[in-house]
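The values are calculated or read from the model by the stated rules, or taken from the named source; none is laboratory data. Source: prediction; values computed, not measured. Every residue, glycine among them, receives a Cβ derived from its backbone with ideal geometry; neighbour counts consider all protein chains shown.
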Amino acid sequence: MYYIKVREDKTEDPYAVVSGTFLMNTLPTRVLFDASATHSFSNPTTASRLACQLDDMDVKLYVTTLVRPMYQSELVVRNCPIVIQERVFLVDLVLLGIQGYDVIFGMDWLTKHRATIDCKQKAHILVTSDGERLVYQGSNPKRAILLISTTKACKLLKNGNSTYLC
């Protein structure tokens with residue numbers, strides 16, 4: 001049982017990001033496109049599910065984020081395939097304890113695929129190895145579906161909230 005609530009916010013969020021769910025090594029993976037990240041990253045749990053080649057990096061990478069002052073990593077997942085609009089792209093992902101997304105595509109990947117970010121439309125334009133331009137319209141965070149646990153759903157039912165079974 002799930003309680004589903006659609007957020008309908010009429011004001012435009014200038015800080016909304018471009019993200020989406022893509023197939024990575026045949027598994028649905030929640031991805032953030034982040035032009036402020038120098039590298040591309042994967043949560044270690046996600047990386048183990050992807051079953052891609054794991055290698056040691058030549059150096060230790062120290063990363064600072066708003067969530068945590070310092071992360072350290074020496075591991076990278078190499079040549080992991082991602083499918084965007086039926087085209088396969090490869091990505092190297094540094095293992096990092098990221099939260100909120102399974103994978104973050106940073107400037108290393110965005111530059112390699114000549115990405116253009118349209119902030120107003122929340123879209124990316126990518127160029128394939130054949131020179132084909134793909135336009136990806138990111139997930140609309142204003143229409144996100146929120147899933148909750150069965151325990152919370154039961155509490156909401158007791159309080160008279162509407163529920164939907166999916």
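Looking across the range 24-39 at every residue that is touching a strand residue (DSSP E or B) at 6+ places or on another chain (Cβ under 8 Å) and more than 17 Å from residue 124 (Cα to Cα), the one that is modelled with the lowest pLDDT is identified as 25. Just to verify a result, which residue in the range 90-121, among those that are more than 15 Å from the chain's Cα centre (by Cα) and of a type in the set (S, T, N, Q), is farthest from residue 64 (Cα to Cα)? Step by step, filter the range 90-121, then rank; the result is 121. Annotation: of all residues in the range 40-50 being buried (at least 19 other Cβ atoms within 10 Å of the Cβ) and touching a strand residue (DSSP E or B) at 6+ places or on another chain (Cβ under 7 Å), the one that is modelled with the lowest pLDDT is 50. Between a first residue in the range 128-146 that is under 15 Å from residue 118 (Cβ atoms) and small (Gly, Ala, Ser) and a second residue that is at pLDDT below 80 and surrounded by 10 or more Cβ atoms within 10 Å (Cβ to Cβ), which pairs have beta carbons less than 6 Å apart while being 6 or more apart in sequence or on different chains? Sorted first by the residue in the range 128-146, then by its partner, the pairs are 138/18; 138/122.
Within the bounds of the range 73-91, is there any residue that is free of Cβ contacts under 8 Å to residues at least 40 places away in the same chain, exposed (fewer than 13 other Cβ atoms within 10 Å of the Cβ) and in contact with a Lys or Arg (Cβ under 9 Å, 6 or more places away or on another chain)? No, the range 73-91 has no match at all.
A Cβ distance below 9 Å, combined with a sequence gap of six or more or placement on separate chains, defines the contacts here; from the range 103-114, residues that are crowded, with 23+ Cβ neighbours inside 10 Å reach residues that are in a helix (DSSP H, G or I) in the pairs 103/46; 103/47; 103/50. Quick one: which of 117, 145 is modelled with pLDDT under 90 and surrounded by 12 or more Cβ atoms within 10 Å (Cβ to Cβ)? One residue alone meets the criteria, 117.
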